[in-house]
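Below: the structure, in structure tokens.
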Amino acid sequence: MLITRSIVKQLGAVRGEAQRVVSEISDGNFTAPVVIVCGASGSSKALLEAMRAQLSSSIVRIRTSVDSIAVGTNEMAQGNVHTFRGKDFDKT
């Protein structure tokens with residue numbers, strides 16, 4: 001029983017729970033927070049939660065960058081259309 005408690009403390013959860021967390025992350029679900037057992041801040045599960053939070057933050061930053069690029073690309077395309085239809089293009 002003592003060995004089991006030691007392993008559970010290191011994992012921060014029972015084996016099935018840790019597998020569920022890894023499965024959720026590998027499926028791309030970074031939104032479900034990982035519940036950490038009190039006193040298990042150095043556990044594998046706590047590390048999984050830190051990884052999940054960082055991945056989620058990275059995804060948000062990537063999406064924001066992609067949106068900015070899309071806006072910039074659209075603005076450039078609109079500028080090209082105006083130049084093509086305008087006097088600047090007719091002078092060539």
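Read-outs throughout are calculated quantities, based only on the coordinates presented, and are distinct from any laboratory measurement. In this text the structure is predicted, and so the values were computed from the model without any measurement. All Cβ positions, even for glycine, are placed from backbone atoms using ideal geometry, and neighbour counts span all protein chains on display.
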**Study point:** Simple spin-label estimate for Ala77 and Val60 in nanometres, 7 Å along Cα-Cβ
**Key:** 2.9 nm
Revision key, fill the gap. Quick calc: nm separation of the 7 Å Cα→Cβ label points for Ala32 and Met51 -> 1.6 nm
